[in-house]
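Working notes, beginning with the structure itself.
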Amino acid sequence: MSRFRFPEIPGSQITPESVWQSRRQWLRQAGLLAASAGAAALLPARAALASSEWGVRNPAFSVDADLTPEKSVTTYNNFYEFGTGKTDPSTRSGKFRIQPWQVAVEGEVLNPGVFDLDDLKRLAAMEERVYRLRCVEAWSMVIPWNGFPLEALIRKVQPTGNARYVEFVTDVQPDAMPGLATRIIDWPYVEALRLDEAMHPLTLLAFGVYGKALPVANGAPLRLVVPWKYGFKSGKSIVKIRFVEKQPVTSWVKIAPEEYGFYANVNPEVAHPRWSQATERQIGQGVFAPRVPTLMFNGYADQVASLYAGLDLRRNY
Ligand SMILES: Nc1nc2c(c(=O)[nH]1)N[C@H]1C(S)=C(S)[C@@H](COP(=O)(O)O)O[C@H]1N2
Ligand SMILES: [Mo]
């Protein structure tokens, strides 16, 4: 197999100082940074700075649909480390420590290393993307995430020619994660993508939701969001990213391989053995809201179908 190298990340993509400076300039021109400004004038300036930290919406990568209310997004969750109830992640996660936070990047890369959260946040400019998240349990949400493509990190660490898959490992804090006592999953929670899936521009490394830092329930301080796959592929509270040659045995595949495949591409034509995947219930739309048809690849077929050309999507579910 030929050994390939990713090009160095162009300086123009390594963000901020210049962007930051131009934003300051813009604010100054708008009169919002005037030293003599009174408290009233300072308020909009603060608001503008806060929103710029989390980026502006990227319409090219956002679905045009009503957002799921923030309250539902942050209190109706799956994060089994805190329990299997939907409200467990928001009500039982108060002891989880997210500071300091480091992410180890290891395996088949030329530049392995341990990244502080701030190092990671500096890799690319933050943007907001409205993605649909479809859970295998047949419900969905439309969520404004704040982050940047995982590709920025992958280019920085430079996978070797042996890297075929990327594994994402969630943190384990036994005293702060009451769900760990139930051994449904062989903790830590591990998910993985093929390298080309991980490099796809839709694959988001998210640090925020609704323009604020992620709540623990949604995977603070950083998580993956892979919008064309069932929610379980998007690992939360990531502490390790490992580049490997062989397809990893991921948590749900290990528990029930006939129910949860490695690919987990949203596919209304392939039913889960115990229920249909043809329609979905949209969380936060009220109990009488009609179920809507589920779309192939969760509506992202135009962007991702080519990744699976030649792959039998019934066998590789
Ligand atoms: N570490 C970890 N990550 C996880 C899970 C989990 O139990 N543990 N649940 C997954 C599932 S099944 C879904 S649907 C999404 C839900 O993300 P949300 O709660 O932010 O909507 O998180 C995924 N990531
Ligand atoms: Mo899920």
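Each reported figure results from applying straightforward, stated rules to the coordinates on display, with no laboratory input. Note that this is a predicted model, so its numbers are computed, not measured. Methodologically, a virtual Cβ is constructed for each residue, glycine included, from the backbone with ideal geometry; neighbour enumeration extends over all protein chains shown.
The table for this structure:
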| quantity | calculated |
| --- | --- |
| Zone residues, the stretch 174-218, relative to GLU53, backbone N less than 20 Å from point 7 Å out along Cα-to-Cβ | 205-218 |
| Measure of compaction for the stretch 11-308 (Cα Rg per 2.2 N^0.38 Å) | 1.03 |
| Order by protection proxy (mean Cβ within 10 Å, highest first), peptides 241-248, 307-314 | 241-248, 307-314 |
| Using a Förster distance of 25 Å, the FRET efficiency for GLU259-THR182 (Cβ separation, nearest 0.05) | 0.85 |
| Potential extension, ALA305-ALA60 segment - 0.36 nm per residue separation minus Cα distance | 86.4 nm |
| q = 0.12 Å⁻¹, the stretch 212-279: log10 I(q)/I(0) [Debye, one scatterer per Cα] | -0.40 |
| Summed side-chain charge close to PRO248 - residues other than PRO248 whose Cβ falls under 11 Å, Lys, Arg +1, Asp, Glu -1 | +2 |
| Neighbour-count ranking [beta-carbon atoms within 10 angstrom, fewest first] of GLU197, GLU191, GLU70 | GLU70, GLU197, GLU191 |
| Candidate lysines - alpha carbon under 17 Å from LYS229, same-chain residues fewer than 8 apart omitted | none |
| Within-13-Å neighbourhood charge of PHE61 [Cβ basis; K, R +1; D, E -1] | -2 |
| Cα-Cα over 18 Å, subset of LYS212/LYS236; LYS156/LYS212; LYS71/LYS121; LYS121/LYS156; LYS86/LYS121 | LYS156/LYS212; LYS71/LYS121; LYS86/LYS121 |
| Stokes-Einstein diffusion coefficient of the stretch 133-221, Kirkwood radius over Cα pairs, 10 °C, 1.306 mPa s, in µm²/s | 104 µm²/s |
